[in-house]
Amino acid sequence: MRCENVRSLILDYTTNELDTEDRTKVEAHIRECQGCNHFFKLANNEWKLLDEWGSITPKADFITNFWNRVSNEELNNEKEVPNLFKFWKLNWSTVSALSIFLVVGIISIILVTSNQYDVVYTEGDMADEELLFDLDRTISASATNLLEVYGAWDIDTTQENGG
Amino acid sequence: MESDIELMMRAKTGDDNAFTELMRRHYKSVMNYIYRFTNSRENSEDLAQEVFLRVYRSVTRYKPEAKFSTWLYKIATNVCLTEVTSKSRVKTVSLEEVQENTGDLKDSNSTTGYDLIYRRDIRDSIFEVLKSFPERERISIILCKYEGLSYDEVAEIIGCTVGAVKTHVHRGRIKLIEKLKPFLEERGLK
Ligand SMILES: [Zn+2]
């Protein structure tokens, strides 16, 4: 039997996991093989050494402390619930204010846009328009060419040439 | 005697006495399991409470598919891993704390200063070696050696095959033998 395989069996031997047949194999091998014999002793000591890291005993009030912790948490949750509602109240008031604002806004926009169609065309407006036409007519053809870079210029050049 | 599952089903209906009984059965194991990850008594007690709080909070979602203890160890493992990854600091231990922490060692009639330091050395050495292991090796060794669980149970807790658990334990033990050699040889190779 190869030492490598025996090492694995040795580990199981020290934890009483082997059947009689494997135990006999291990015992026979470690009688003959010094290396495995040394490993066997180390492994045996190691598993026992781990026991020297003793366990701890919890304090007697572990369970009482647990329930205290649960009650504290529940208390905190109860405290949080009204806060949550406060938050919601605040939120609802904000939401209502916002909706009123929106409704008023929408109504005003509708009113303003609908008024646009009722604009009265006065004589003053006609005079303003006439002034703009005059301004257009005074622009020379060369200026029009220069202004071409800004796009099409709606001007009646024939009228200008004629005048 | 009622089984853990029966108690858990009662706890699910809001019976806190059933939950107390479950805790009474398992809190020592849970606390000691955590202790192998933290090497601190105070911290372990606090984290064990955290484990039971998590169980308590999720009691309504419990389905009796697996053994209760398997489920409990899974939660405890998560708590431990979160703790060790968040606080990977090395804690220095005073002699007073050692005396306070040695727990059951007090029963072994060895309370001289030298003995305590020697035991602290062993404890801290084992802790440090285990800490250096990959997670699954560490968990497997702790669950098998200190919690006395079978390979099957460990496999279910960490979600791998029984063969893999055995490999984890063997690898871990070989490393422990290697690193704890001074202690092992000091004890004599009978
Ligand atoms: Zn050999």
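The values are calculated or read from the model by the stated rules, or taken from the named source; none is laboratory data. Since we're looking at a predicted model, the values are computed, not measured. Neighbour counts are summed over all protein chains in view; Cβ atoms, including those assigned to glycine, are modelled from backbone coordinates with ideal geometry. Accessible surface is based on the protein model in full, side chains and every heavy atom, while ligands, DNA and RNA are left aside. Shrake-Rupley method; radii C 1.70, N 1.55, O 1.52, S 1.80 Å.
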List the residue pairs whose Cβ atoms are under 6 Å apart, where the first residue sits in segment B:12-41 and is at pLDDT below 95, the second is among the aliphatic types (A, V, I, L, M), and the two are 6 or more positions apart or on different chains. B:Lys12/B:Val59; B:Arg41/A:Ile56
Flag if A:Thr57 is closer than 27 Å to B:Ser125 by Cα, at pLDDT 95 or above and either surrounded by 14 or more Cβ atoms within 10 Å (Cβ to Cβ) or within 16 Å of the ligand (Cβ to nearest atom) (or both): no
Scanning segment A:29-54 for residues that are in contact (Cβ under 8 Å) with a residue 24 or more places away in the chain and either open to solvent by 80 Å² or more (accessible area, probe 1.4 Å) or of a type in the set (S, T, N, Q) (or both) gives A:Asn44
Go through segment B:1-17 residue by residue and tally those that are within 13 Å of another protein chain (Cβ to nearest Cβ) and surrounded by fewer than 19 Cβ atoms within 10 Å (Cβ to Cβ). 3
Could you list, ordered by first residue, the pairs with Cβ atoms under 7 Å in which the first is in segment A:1-28 and of a type in the set (D, E, K, R) and the second is more than 15 Å from the ligand (Cβ to nearest atom) and at pLDDT 95 or above, at least 6 apart or interchain? A:Asp12/A:Leu18
Do any helices (runs of 4 or more DSSP H) entirely within segment B:97-190 hold 1 or more residues that are at pLDDT 95 or above, and if so, which? B:113-131, B:135-141, B:151-158, B:162-179
Which of the residues spanning segment A:49-74 are part of a loop (DSSP other than H, G, I, E, B) and within 7 Å of another protein chain (Cβ to nearest Cβ)? A:Trp53, A:Gly54, A:Ser55, A:Ile56, A:Thr57, A:Pro58, A:Lys59
Residues located in segment A:2-42, provided they are more than 14 Å from chain B (Cβ to nearest Cβ) and near the ligand (Cβ under 9 Å from one of its atoms): A:Arg2, A:His29, A:Glu32, A:Cys33
